[in-house]
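The values are calculated or read from the model by the stated rules, or taken from the named source; none is laboratory data. Here the structure is a predicted model, which means the values were calculated and not measured. So basically every Cβ, Gly included, is an ideal-geometry build from the backbone, and we count neighbours across all protein chains shown.
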Amino acid sequence: MGSLRIAHRLEGLPPYVPGRRPERGETRRQARLASNEVPWPPQAAIVDAMRAALDDAHRYPDMQYTELRGAIAAHVGRPAGGIAVANGSTALLRDIVGVLVEADSEVIFAEPSFPYYRTAAIANSAVPVAVPLLSHAHDLDAMRDAITARTRVVVICNPNNPTGTAYTNAELKDFLARIPEDVAVVLDEAYVEFATDVDGLELLDGHPNVIVVRTLSKAHGLAGLRIGYAIGDGEVMSYVSRMGVPFRIDGVAVAGALAALQPEQVAESGRRVASIVAERALLTAALRSRGWNVVESAANFVFLPLGESAAAVARECAAKGVLVRPIGGGIRVTVGSPEDTEHLLDALPVFSNDPR
């Protein structure tokens, strides 16, 4: 590296580790259950819209993303002025933290949860404060107790990734009532469409310090397009938009997102979500009948707490053509097609896991 020096705050920063992908040249059928993708390709109307957008690939997209923000506003029933968009909700999480913290401010989050929260804090010169889960769920009391005069952001992953647990709005209202008004509560709702009684948008009007972050990657099946959006205070969202690099979402992805937000495509996504929720119940019941401890999930995945044996079980599954994610002291298994479920059950032995 010569004389270049890495910023001190980044020393030891772990890289983001994605879910495992099939090896190059792998020809056998594999159940790809490591990255919480939906098992179906994009709807035809979405693909057609993206193909048409290629004719304008020599032009920059609208940097304000006015049409996209308007479509999202209509979809969620909130003013477009309070919406920011980015190439994935992860980018928004980083920039929301960047807008709200000063050097040495604190960002509180649960652990294990989405690992990028720690990165978002460190990248913005803030101090990451991790609060352990309680019974695989956010320990809201402990998170409240962790708030100090330096705290600027509290992140709640709801439903939580990787455990799948979720809090209802009623439970979150009680939590929010105990949070200082100058502390932002970011609700990461990447998996909200798979849950019931969970909707952070209903909390916005009564709690101006709440910011909701969502994505088109999961329920809408557009993980490869990288479209995320945040809803909150208009001034804060304006600065979040300014933090992003210019033209951060490409025109082809914008076209796909606009098509995905049309009523017909939204309805089809809803039907696909319903099938995943039904398959989640079948998968959970089947695993439990075989002796596995499965955390009750409100997302499009299930979590098996395995302790130190998680990596070994993940390797065994991979050897049998099933890719799962060892993370947070267990394995996270995406809910896929019925064929994926069958493949997974064939790969896992019939025995009881570590109930921790």
Checking the condition touching a strand residue (DSSP E or B) at 6+ places or on another chain (Cβ under 9 Å), surrounded by fewer than 19 Cβ atoms within 10 Å (Cβ to Cβ) and not in a helix (DSSP H, G or I), which residue from Asp197, Asp141, Asp205, Asp182 passes? Asp182
Of the numbered conditions (1) free of Cβ contacts under 8 Å to residues at least 24 places away in the same chain; (2) in a helix (DSSP H, G or I), Val245 satisfies every one except a single condition; which is it? (2)
Checked the range 233-242 for anything touching a residue at least 24 places away in the same chain (Cβ under 8 Å) and either among the acidic types (Asp, Glu) or not assigned by TED's automatic domain parsing to the domain that holds Glu67 (or both); matches are Asp233
For Ala230, state whether it is within 27 Å of Ala57 (Cα to Cα), in contact (Cβ under 8 Å) with a residue 24 or more places away in the chain and part of a strand (DSSP E or B). yes
Could you please give the count of residues in the range 268-325 that are touching a Lys or Arg at 6+ places or on another chain (Cβ under 6 Å) and among the aromatic types (Phe, Trp, Tyr)? 2
For the subset of the range 284-301 comprising residues that are over 19 Å from Asn160 (Cα atoms) and in contact (Cβ under 8 Å) with a residue 60 or more places away in the chain, which member is surrounded by the most Cβ atoms within 10 Å (Cβ to Cβ)? Trp292
Residue among Arg150, Arg214 that alone is touching a residue at least 24 places away in the same chain (Cβ under 8 Å), exposed (fewer than 15 other Cβ atoms within 10 Å of the Cβ) and outside the structural domain of Ile276 (by TED's automatic domain parsing): Arg150
Within the range 269-294, count every residue that is part of a helix (DSSP H, G or I) and farther than 14 Å from Phe194 by Cα. 8
Output for the range 302-345, where each listed residue is surrounded by fewer than 19 Cβ atoms within 10 Å (Cβ to Cβ), among the acidic types (Asp, Glu), touching a residue at least 12 places away in the same chain (Cβ under 8 Å) and within 16 Å of Ala278 (Cβ to Cβ): Glu339
